[in-house]
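Trainee: Here you go, one structure.
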Amino acid sequence: MVLSVVAAVVLSAAAVDDDQLPANFQPKVLRHPLGASDAAGGGVLGRSSNGSVLGVDSLQNFSSYFYYPGIVPTASGGFAQFTWPYTMVGRAPFGHDSSERTTNINAPIVPVIVDLRNFDGSPRFCVNPDGSQVRMILDGSKYVPAVLASPVFQNARYGSSERPTQFTDAVHRAQFFKQSDDDWHTILRPSVKTTRTMVLIRGTYRFSVDASCNLRYVLVQTGVFVSLLFPATPDDTSTIIGAAENAGDVTTRDMSTFLFPDTYLQDDFNDPNTCCVLGFHSYDLEPGDASNGWKERRYVMNYSSWISPGIFGDAFVDVTALSHELMETFSDPFVNNATPIWVAPNGLCQNNLESGDVIEGLPNATFPMTMNGMTYHPQNEALLQWFAGQSPSSAYRHAYSYPDTTVLTSPAISYFPDCATPFNARGGHP
């Protein structure tokens, strides 16, 4: 049923509704500080590839490993592990046995409109003091030109590459600088797909408006967002990803971006410590059939929000979330690359190969780049050598972070699950 504007409930900018955030509310990037780091150790990187992941229908990938004593946490405490396999995007950088050294990956961009509704599903409006009404919608498609013109998809100069290249390729090359050659590249080929709409019913979101009733940003309950993003069944076209998959806009061979406009996630509206998530990367898993040899289908994707100025300060703006998620997709496309437990300078304690998480929130987290008439803020990334505890680093200029090689100056320490005791402090035993 289509409800008329007259039947729709309107919100006055002068009055604050129970789900409108105060004008001085300052959202935070979600982090979980758990400790601090000290002395470093040394690890060894593998120099060969085990090939791609078998039995899956997905994008081009290769597998290898590094050696660094650490702990795999379990409910009973944990057990020691010394070799850590990983899978990354593209062709293997090791050796020169292939005439094809550049991997081109389709990178469809699906813009998303966020449509706020009332409890009864009718369109929601904000009304100004002069009586004018503003429809409460955010349109992700308006940011597509700026995203396409950004370092994420446009070439720029980096020390890790002899020729201009994209941001993710430059970081990827930096961590395999000594193992690869000048012809080894992993390039994203963007294309803009059909804009999709996510309808949010009041009670599942909170919002902020400016003095003219225009939406500044929306906070969405994480569980609701995920249920509206991922399909419940292979033929589900009611969700954003399901509709894109069934229309052929995204395939298993792609690295797909679902671009949202100032849309952030919060687990619990009553707990400010659960806000805010600006993006994540994952894959939609669907069953195979006879047409693809019964291989499970993995649609590698990321949800990333365009971040407008002034919401998270100077550190997180424009393509920060997108660059973060795309680089983490390069480093961990199937979200299963385990590492020794590490504690980052920002306080995060994790045991996965999430290259952006290590640096997010630091004063020098982003790497400002001016191009095409705009200054962009992609995020600096931790390199594989940091997770592997390698000293000295075999990366470009012995770095542990890139493009800014000064953000991380020493490798990660392997910790126990308490995130406070270095692994070697107990003689290497859990």
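The values are calculated or read from the model by the stated rules, or taken from the named source; none is laboratory data. Every value quoted in this text rests on a predicted model; they were computed, and no experiment measured them. Using ideal geometry, Cβ is built from the backbone for each residue, glycine included, and neighbour counts are taken over all protein chains shown.
Trainee: Of the residues that make up segment 183-198, is at least one closer than 30 Å to Asp57 by Cβ, at pLDDT below 95 and either surrounded by fewer than 21 Cβ atoms within 10 Å (Cβ to Cβ) or not β-branched (Val, Ile, Thr) (or both)?
Mentor: Scanning segment 183-198 turns up at least one residue that is closer than 30 Å to Asp57 by Cβ, at pLDDT below 95 and either surrounded by fewer than 21 Cβ atoms within 10 Å (Cβ to Cβ) or not β-branched (Val, Ile, Thr) (or both).
Trainee: Whether any residue in segment 148-167 is under 15 Å from Ile109 (Cα atoms), in a helix (DSSP H, G or I) and in contact (Cβ under 8 Å) with a residue 24 or more places away in the chain is what I want to check.
Mentor: Within segment 148-167, one or more residues are under 15 Å from Ile109 (Cα atoms), in a helix (DSSP H, G or I) and in contact (Cβ under 8 Å) with a residue 24 or more places away in the chain.
Trainee: Which numbered condition in (1) within 26 Å of Pro123 (Cα to Cα); (2) surrounded by fewer than 13 Cβ atoms within 10 Å (Cβ to Cβ) is the only one that Asn273 fails?
Mentor: Asn273 satisfies all of (1) within 26 Å of Pro123 (Cα to Cα); (2) surrounded by fewer than 13 Cβ atoms within 10 Å (Cβ to Cβ) except (1).
Trainee: Go through (1) within 22 Å of Ala156 (Cα to Cα); (2) in contact with a Phe, Trp or Tyr (Cβ under 7 Å, 6 or more places away or on another chain) for Gly356 and report which single condition fails.
Mentor: (2) is the only condition that Gly356 fails.
Trainee: Identify, by number, the condition in (1) crowded, with 22+ Cβ neighbours inside 10 Å; (2) farther than 18 Å from Leu353 by Cα; (3) in contact with a Ser or Thr (Cβ under 8 Å, 6 or more places away or on another chain) that Ser256 doesn't meet.
Mentor: With (1) crowded, with 22+ Cβ neighbours inside 10 Å; (2) farther than 18 Å from Leu353 by Cα; (3) in contact with a Ser or Thr (Cβ under 8 Å, 6 or more places away or on another chain) applied to Ser256, the lone miss is (3).
Trainee: Next question. Tell me, yes or no, whether segment 239-257 has at least one residue that is part of a loop (DSSP other than H, G, I, E, B), free of Cβ contacts under 8 Å to residues at least 40 places away in the same chain and among the hydroxyl-bearing types (Ser, Thr, Tyr).
Mentor: Yes - at least one qualifying residue is present in segment 239-257.
Trainee: Same structure again: If you go through segment 296-330, how many residues are more than 9 Å from the chain's Cα centre (by Cα), more than 28 Å from Phe25 (Cβ to Cβ) and among the hydroxyl-bearing types (Ser, Thr, Tyr)?
Mentor: 1
Trainee: Does segment 215-232 include one or more residues that are closer than 28 Å to Pro333 by Cα and hydroxyl-bearing (Ser, Thr, Tyr)?
Mentor: There is at least one residue in segment 215-232 that is closer than 28 Å to Pro333 by Cα and hydroxyl-bearing (Ser, Thr, Tyr).
Trainee: Could you tell me whether Ala7 is under 30 Å from Asp267 (Cβ atoms) and at pLDDT below 70?
Mentor: no
Trainee: Sticking with this one: Can you tell me which of Asp357, Asp284 is among the acidic types (Asp, Glu), closer than 24 Å to Ile113 by Cβ and modelled with pLDDT of 95 or more?
Mentor: So the residue among Asp357, Asp284 that is among the acidic types (Asp, Glu), closer than 24 Å to Ile113 by Cβ and modelled with pLDDT of 95 or more is Asp284.
Trainee: Something else now. Name the single residue, out of those in segment 210-225 being more than 26 Å from the chain's Cα centre (by Cα) and of a type in the set (A, V, I, L, M, F, W, C), that is nearest to Gln20 (Cα to Cα).
Mentor: Ranking the candidates gives Cys213 first.
Trainee: Output the qualifying pairs, or none if there are none: Cβ atoms under 9 angstrom, residues six or more apart or on different chains, first residue in segment 54-75 and more than 21 Å from Asp284 (Cβ to Cβ), second residue in a loop (DSSP other than H, G, I, E, B) and basic (Lys, Arg).
Mentor: From segment 54-75, the pairs are Phe62/Arg91; Ser64/Arg47.
Trainee: Still on this structure: Might you let me know whether segment 166-181 holds any residue that is charged (D, E, K, R) and closer than 18 Å to Glu328 by Cβ?
Mentor: yes
Trainee: Suppose we filter segment 209-233 for residues that are touching a residue at least 24 places away in the same chain (Cβ under 8 Å) and among the charged types (D, E, K, R); how many remain?
Mentor: Here the count works out to 1.
Trainee: Take the residues in segment 310-328 that are at pLDDT below 95 and either buried (at least 23 other Cβ atoms within 10 Å of the Cβ) or not acidic (Asp, Glu) (or both), then tell me which one is nearest to Leu259 (Cα to Cα).
Mentor: Phe316
Trainee: Please verify whether segment 416-423 includes one or more residues that are crowded, with 21+ Cβ neighbours inside 10 Å and either under 25 Å from Ser282 (Cα atoms) or among the polar types (S, T, N, Q) (or both).
Mentor: Among the residues of segment 416-423, not one is crowded, with 21+ Cβ neighbours inside 10 Å and either under 25 Å from Ser282 (Cα atoms) or among the polar types (S, T, N, Q) (or both), which makes the answer no.
This table checks each residue for (1) in contact with a strand residue (DSSP E or B) (Cβ under 6 Å, 6 or more places away or on another chain); (2) in contact (Cβ under 8 Å) with a residue 24 or more places away in the chain; (3) closer than 23 Å to Arg173 by Cα.
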position	(1), (2), (3)
Asn336	no, yes, yes
Ala344	no, yes, yes
Thr375	no, no, no
Trp386	no, yes, yes
Pro392	no, no, yes
Ser410	no, yes, yes
Asn424	no, yes, no
